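Here is the structure we will look at.
Please treat every number below as a calculation from the coordinates, not as lab data. Keep in mind it's a predicted model, so treat the numbers as computed, not measured. Backbone-built Cβ (ideal geometry, glycine too); neighbour counts: all protein chains shown.
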Amino acid sequence: MSEWLEATFTNNRPRALAALTRYFRDIDVAEEAFSEACLKALTEWQDKGAPRDPLAWLLTAARNAGLDRVRKRQRRQTLLKTNFAVPEMPQENLPDPDEVRDDVLRLLFICCHPALPRQDQIALALRIVGGLSVAEIARAFLIGPKAMEQRLTRAKKKIATNPVPFETPSLHERSKRLAEVSLMVYLMFNEGWSTSNSVTQMKLTLCEEAIRLARLLADLFSGMGEQMALLSLLLFQHARRDARQDSSGRLVALEDQDRSLWDASAISEALALLQKSERLGHSGPYRIQAAIAAEHALAKTADATNWRSIEAHYAALFAMQPTPVVRLNLIAAMAKTRGPVHALQQMTPLADELAGYRWYHTMRGGLLEQSGDFDAAITALKIALTLGPTEPERVAINEKISLCKKNIAML
Amino acid sequence: MMYAIAIYGEPGVFETLSEDKKKEVLAGHAALQEALAERGEFLSIKLMPTSTAVTLEPPAATGQAPLIVDGPFAETKEGFLGFYAAEFADLKEALRFAEMISSPIARLEIRPIAWAGGVISTEG
């Protein structure tokens, strides 16, 4: 039974912990209080059945548990002649939905402390909001549990030095927090999506947690096109999870993937969200990336892909984010619409800026191979090999080099 | 008589279950679908999360278009997750089939329904 209830606890954790953190003004007390409430629920729900509103039940139990703790601490501190205010018990069981929304946003924003490296922000969000164990997070980041424990402790100390105010944020502050938190969720997904070696399965946890958080944001800020688009984008990508690696762990390029392995239900949900965000007139980077993902998801075969539309989307994205990497993606689409020679010419001006970017060289190698310049292709691919490819990528690059060599031998 | 087996539960909980428990729930659905298929036609519908939905509110005044709003807004409480519809001999039989998908994370409501037209034919 407890395994079933765990899911309910985890599902309610972000909202509960956020409300408790505002109430107690202390994340640690909030976490302890929530754990105690879950323990209590384990016995009570099994005897009397689960309540219709688990969040309200857990909040009440956690507040009582937390207050006990605070009172005990207060008694100790009275002896030491210091003051510690006991928060007043609110009348209603459930906080106002607007308040919960700001609470959850605040809690996530606390994890995004600017003094923390991005990976630590992600780890902290997984621990505090997602409720993952230290061991689970350590596995996802491919480091030992001891090291992860230390990193989390250090990160928590750092966020304590610069508290986020508990007042209701201004409109400007709220949208700033939302943008920062959304970016963290986006990067959490990417961290999980980037394969590092055969342990991909563990990293998929990051993708699943990122989707859960994106879902939470889309639910809480239900009129916001940007959060809808973010969830849509992540669902489109994640829908391909079973097709992107073969049984031996080798990466399968998008065009070679078995499309019947794509998750049709995730794709239709993503599509519904994309259409909704378009209806709201929203057009930001997440929406454009989701629109690109939609083109791939809806093409029955790789050959049926609408590259003209994808090229137009990348051009729009480049107008918003004029970075060399977006430019490179635009050129990759051009390679499909206008051929490899045109694309190679377009790539030349990026050579310096992207000299250390692995994908620049693998893409160049691929285009050179397509245009029949096998020697130059091998040179480009060998550069890519020196830039720290992941294991599946290394295998794919080496295969392409052998293919070029075979072609040279046949000439 | 036609009955609907409506599934209610907290949105998001199924997705949070461990792989084992997910499989357990899905095995129940597979068994029900197999059993229903053996005895005739049936319908099974899974509702997407409320974040994908929009609501058409009645027009504010005569002559105006209906108001389209996002949502319904997400509830943390119990939500309508999906339903089955099929012909059953009686309530007892409908209950016997519904039992196959009973789990600690869902509440099932068995209610007679009337067919009001339309045909759905889809694969997968």
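Separation of region B:29-53 from region A:133-152 is 40 Å, based on Cα centroids.
As a calculated quantity, the FRET efficiency between residue B:77 and residue A:337 at R0 = 51 Å, using C-beta atoms, amounts to about 0.55. Here's how it looks for residue A:245: its modeled amide H is under 5 Å from those of A:252, which are all 5 or more places away or on a different chain.
Enter the angle in degrees (range 0 to 90, nearest 10) between the Cα long axis of helix B:19-39 and the first principal axis of the Cα atoms of chain B, meaning the one along which they spread out most. Helix B:19-39 and the main axis of chain B meet at about 80 degrees. The simple spin-label model puts a point 7 Å past each Cα toward its Cβ; for residue A:180 and residue B:90 those points are separated by 6.6 nm.
How much FRET efficiency would the formula 1/(1 + (r/R0)^6) give for residue B:20 and residue A:161, where r is the Cβ-Cβ distance and R0 is 30 Å, rounded to 0.05? The calculated FRET efficiency here is 0.10.
Look at the alpha carbon pairs under 8 Å that are at least 6 residues apart: their mean separation over the length of chain A gives a relative contact order of 9 percent. Only Cα pairs under 8 Å and at least 6 apart count here; give the relative contact order of region B:1-112 as a rounded whole percent. Relative CO of region B:1-112 lands at 52 percent. Cα convex hull, chain A: 175 Å³ per residue, rounded to a whole number. Among A:143, A:383, A:159, a tally of other beta-carbon atoms within 10 Å of each Cβ gives an order, fewest to most, of A:143, A:383, A:159. Helix A:264-279 and the longest principal axis of the Cα set of chain A meet at an angle near 80°. Against the main long axis of the alpha-carbon atoms of chain A, helix A:391-410 sits at an angle near 0°. Just checking the listed ones, A:116, A:387, A:251: in the Gaussian network model of chain A with Cα springs under 10 Å, the one fluctuating most is A:387. Length gained on full extension, residue A:353 to residue A:398, computed as 0.36 nm times the residue gap minus the Cα-Cα distance: 13.7 nm. Ordered by the count of other Cβ atoms within 10 Å of each Cβ, fewest first, A:193, A:359, B:115 give B:115, A:359, A:193.
Taking a ≥ b ≥ c as the square roots of the eigenvalues of the Cα gyration tensor, an a/c ratio of 1.5 or more together with a/b no larger than b/c marks region A:122-223 as oblate.
Using the Stokes-Einstein relation with a Kirkwood hydrodynamic radius computed over Cα pairs, the translational diffusion coefficient of region A:157-275 at 10 °C and a viscosity of 1.306 mPa s comes to 100 µm²/s. Ordered by the number of other Cβ atoms lying within 10 Å of each residue's own Cβ, fewest first, A:52, A:69 fall into the sequence A:52, A:69.
Apply 1/(1 + (r/R0)^6) to the Cβ-Cβ distance of residue B:64 and residue A:275, taking R0 = 35 Å, and write down the FRET efficiency to the nearest 0.05. So the FRET efficiency works out to roughly 0.90.
The distance linking region A:324-398 with region A:8-79 is 54 Å (Cα centroid to Cα centroid, whole angstrom).
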